[in-house]
Amino acid sequence: MASVEHIATDNFETLYIQLRKKEKRFYTDEEVKELPDIAVTHPHYKEWQLRKQSMQSLREYLKKKSRPLEILEIGCGNGWLSRRLAAIEGANVTGSDINLAEIQQASKVFENISNLNFIYSDPESNLKEKKFDCIIFAASIQYFESFETTIQKTLMLLKSDGEIHILDSPFYSMSALGAAIERSKLYFEEAGFPGMSQHYFHHTLDSVANFNYRCLYNPNSLFNRFLKNKNPFYWIQIQA
């Protein structure tokens with residue numbers, strides 16, 4: 001059954017949860033069970049439609065491997081994506097996060113799923129003995145200060161033919177980086193959480209080039225530029 005292992009966290013947790021509640025991104029147990037499906041009247045309905053698209057694309061990609069998979073989601077939050085990935089035949093899924101409130105909710109909501117467990121922890125320091133076929137960062141890489149250091153540590157958790165997948169997170173060109181940082185700073189200040197600027201990081205496409213990567217979805221490709229409801233985020237795969 002779904003379980004959660006409790007390990008120490010840092011002071012980011014309280015600030016993050018408070019902001020999520022103000023943004024109406026902290027969901028009831030019943031809502032979490034249904035995500036990414038949510039009421040059309042919810043303020044983040046359109047965002048969840050995009051996340052549903054990315055989830056479906058990722059799940060179909062992994063299904064095509066047609067073999068048992070050990071999957072780790074880093075920054076899993078309330079566990080909705082980990083739960084959806086656990087539906088892949090032969091998959092064994094671990095979700096990790098440093099926010100106790102959401103990881104406890106995930107463990108409670110999905111407690112009856114035998115191939116799914118949750119860790120309240122930094123996985124790099126607590127899963128050293130385990131290797132994964134696939135490690136997911138979905139809407140979470142922006143909370144890691146150094147992209148290069150994070151990916152280097154994550155690669156150590158992969159099997160020899162394993163893959164890292166990064167979805168639903170912004171990447172910037174160097175020319176757009178300064179303006180993006182200022183926008184985020186202003187947003188957190190207006191929301192009443194200026195301290196969040198110290199925990200939200202802006203990664204560039206140049207940083208991805210240091211690794212063995214493929215871009216599985218490029219929102220700025222010639223074709224995608226003309227799609228009306230395109231997903232604005234890259235889908236990046238990094239291989240071991």
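The values are calculated or read from the model by the stated rules, or taken from the named source; none is laboratory data. Everything numeric here is computed off the predicted structure, so don't read it as measured data. Because the Cβ atoms are built from the backbone with ideal geometry, glycine has one as well, and the counts that use them run over all protein chains shown.
Things worth noting here:
- Segment 1-59: number of residues that are farther than 25 Å from Ser184 by Cβ and at pLDDT below 95: 8
- Of residues in segment 113-165 being hydroxyl-bearing (Ser, Thr, Tyr) and farther than 16 Å from Ile238 by Cβ, the one modelled with the lowest pLDDT: Ser125
- The residues on offer are Leu205, Leu216, and the sole one that is modelled with pLDDT under 95 and either aliphatic (A, V, I, L, M) or touching a Gly at 6+ places or on another chain (Cβ under 7 Å) (or both) is Leu205.
- Applying the criterion of at least 2 residues that are among the polar types (S, T, N, Q) to the strands (runs of 3 or more DSSP E) found wholly in segment 45-128 leaves 91-97.
Residues are listed down the side, and each one gets a yes or a no for (1) touching a strand residue (DSSP E or B) at 6+ places or on another chain (Cβ under 7 Å); (2) hydrophobic (A, V, I, L, M, F, W, C); (3) without any contact (Cβ under 8 Å) to a residue 24 or more places away in the chain; (4) in a helix (DSSP H, G or I):
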{"position": "Lys159", "(1), (2), (3), (4)": "yes, no, no, no"}
{"position": "Glu182", "(1), (2), (3), (4)": "no, no, yes, yes"}
{"position": "Ser207", "(1), (2), (3), (4)": "no, no, no, yes"}
{"position": "Leu216", "(1), (2), (3), (4)": "yes, yes, no, no"}
{"position": "Ser221", "(1), (2), (3), (4)": "no, no, yes, no"}
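- Failed item in (1) touching a Lys or Arg at 6+ places or on another chain (Cβ under 6 Å); (2) at pLDDT below 95, with Gln237 passing the rest: (2)
- From Asn78, Asn99, residue being surrounded by 20 or more Cβ atoms within 10 Å (Cβ to Cβ), touching a helix residue (DSSP H, G or I) at 6+ places or on another chain (Cβ under 6 Å) and free of Cβ contacts under 8 Å to residues at least 60 places away in the same chain: Asn78
- If only residues of segment 151-180 that are within 15 Å of Leu205 (Cα to Cα) and among the β-branched types (Val, Ile, Thr) are counted, the one that is surrounded by the fewest Cβ atoms within 10 Å (Cβ to Cβ) is Ile151.
- Set Leu72, Leu50: member being surrounded by 15 or more Cβ atoms within 10 Å (Cβ to Cβ), of a type outside the set (Asp, Glu), within 18 Å of the chain's Cα centre (by Cα) and under 20 Å from Asn231 (Cα atoms): Leu50
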